[in-house]
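Only one structure is covered here, and it is reproduced in the block below.
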Amino acid sequence: MVTTGLVLISAAALLHVWIFVLESLAWTSPRARATFGTTPEMARATRALAFNQGFYNLFLAVAAGAGVVVVGTSAAGSTTSAVGAALALTGAGSMVAAGLVLALSDRSKLRAALVQAGPPLLGCALLAAGLLAR
């Protein structure tokens, strides 16, 4: 269960790195505009906001990814493993919370919220269950 949880959290972290690229580096591109449903004018007007939001997603990915690496390279039950689990669960749990906020704030974004929150939610559940079973 721990390994599956770490794989799902890793996938969520990679997705958030991709979101960072779209929001912070490619916001006005046709690809990003199609993904987020913005017009060229909207993209230009919201560029600074998207840039900041993209870094938020990157920081979540870094926290979750660092936690995955630490848990994956630590002895089970060690203090280092506990620190890694805290990082992974905090990063992934924040992704879940952000997906929940998106779903509650705009019902038309429910599919995007499920894509954003589903893998880290399942990853958190499996990682926690696996760690508790050790």
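When you scan region 26-46, do you find a residue that is closer than 18 Å to residue 90 by Cα, touching a residue at least 12 places away in the same chain (Cβ under 8 Å) and assigned to a helix (DSSP H, G or I), even just one? Walk me through how you get there before you give the answer.
Our first condition is that a residue be closer than 18 Å to residue 90 by Cα; within region 26-46, this holds for none.
No, region 26-46 contains no residue that is closer than 18 Å to residue 90 by Cα, touching a residue at least 12 places away in the same chain (Cβ under 8 Å) and assigned to a helix (DSSP H, G or I).
Which of the residues spanning region 22-36 are within 20 Å of residue 111 (Cβ to Cβ) and surrounded by 17 or more Cβ atoms within 10 Å (Cβ to Cβ)?
From region 22-36, those within 20 Å of residue 111 (Cβ to Cβ) are 22-23, 31-36; that's our starting set.
Scanning region 22-36 gives 22, 23, 32, 33, 36.
Among residues of region 115-134 that are β-branched (Val, Ile, Thr), those with a beta-carbon under 9 Å from a residue that is surrounded by 19 or more Cβ atoms within 10 Å (Cβ to Cβ) at least six positions away or on a different chain give the pairs 115/99.
When residue 95 is tested against (1) touching a His at 6+ places or on another chain (Cβ under 9 Å); (2) surrounded by fewer than 19 Cβ atoms within 10 Å (Cβ to Cβ), only condition (2) is not met. Comparison of 39, 73, 90 shows that the only residue that is surrounded by fewer than 13 Cβ atoms within 10 Å (Cβ to Cβ), out of contact with any His (no Cβ under 8 Å at 6 or more places or on another chain), under 30 Å from residue 2 (Cα atoms) and of a type in the set (Val, Ile, Thr) is 73.
In region 97-119, what residues are of a type in the set (Gly, Ala, Ser) and more than 18 Å from residue 38 (Cα to Cα)? Scanning region 97-119 gives 97, 98, 99, 103, 117, 118.
Can you confirm whether residue 83 is farther than 18 Å from residue 119 by Cα, out of contact with any Ser or Thr (no Cβ under 7 Å at 6 or more places or on another chain), surrounded by 15 or more Cβ atoms within 10 Å (Cβ to Cβ) and free of Cβ contacts under 8 Å to residues at least 40 places away in the same chain? Outline the logic, then answer.
Numbers: farther than 18 Å from residue 119 by Cα: yes; out of contact with any Ser or Thr (no Cβ under 7 Å at 6 or more places or on another chain): yes; surrounded by 15 or more Cβ atoms within 10 Å (Cβ to Cβ): yes; free of Cβ contacts under 8 Å to residues at least 40 places away in the same chain: yes.
Yes; evaluated as a whole, the condition is true for this residue.
Read the figures in this text as sums done on the coordinates, not as results from a lab. Just so it is clear, the model here is predicted, and its values are computed rather than measured. Backbone-built Cβ (ideal geometry, glycine too); neighbour counts: all protein chains shown.
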